[in-house]
Amino acid sequence: MVRPLIAVLNGPNLNMLGLRQPEVYGRATLDDVEQICIQAAERLDVAIDFRQTNGEGELVSWVQECRNRARGIVINPAAYGHTSIALLDALLAVDLPVIEVHISNIHRREEFRHHTYCSRAAAGVICGLGVRGYALALQAMTDMILDEDDR
Ligand code: DQA
């Protein structure tokens, strides 16, 4: 059987993980995060497409490309979550389950991080659990896909 594909999309500055504010984001690099996702996907018997971009337009295009290709989207929109209506519109248009991930607890931080546009398109949001939030999101997304297939 073909394994369902889950897109794992990462927004701006996440390529700097490990170097960037380690007191906030920890020491794991984006490569480490990808390895965590690969291992979780193997365990869960799903396929992943793991990507990062600093460009808002590119992120929007990647979300659009998920239509008819992926079964769900796990996204850490980074700062675009707080600012981008274009990204929200793409997530609403793609008609797939979305789980939003933030490594840090955005609600404990500056007020401008408390709101994310993406949340309006998300089935759920995981924040503040560090990079393990990605594995938790993949687990939840796999459960949601299996539930859908049972229906
Ligand atoms: C982040 C939180 C955002 O506020 C911030 O702009 C990021 C990373 C996180 O993973 O904690 O770049 O999405």
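Every number in this text was worked out from the coordinates using simple rules, so none of it is lab data. Please read these numbers as outputs of a predicted model, since none were measured by experiment. Every residue, glycine as well, gets a Cβ built from its backbone with ideal geometry; the counts of neighbours run over all protein chains shown.
Worth pointing out:
- Selection from the range 17-41 of residues that are in contact (Cβ under 8 Å) with a residue 12 or more places away in the chain, within 18 Å of Gly128 (Cα to Cα) and of a type outside the set (Asp, Glu): Leu17, Gly18, Val24, Tyr25, Gly26, Ala28, Thr29, Leu30, Val33, Ile36, Cys37
- If you go through the range 71-94 and pick out every residue that is within 12 Å of the ligand (Cβ to nearest atom) and part of a helix (DSSP H, G or I), you end up with 4.
- Test: Leu91 is touching a Phe, Trp or Tyr at 6+ places or on another chain (Cβ under 6 Å) and closer than 15 Å to Gly11 by Cβ: no
- Among the residues of the range 95-127, the ones that are polar (S, T, N, Q) and outside any loop (DSSP other than H, G, I, E, B) come to 1 in all.
- Residues in the range 71-88 that are among the aliphatic types (A, V, I, L, M) and in contact with a strand residue (DSSP E or B) (Cβ under 9 Å, 6 or more places away or on another chain): Ile73, Val74, Ile75, Ala78, Leu87.
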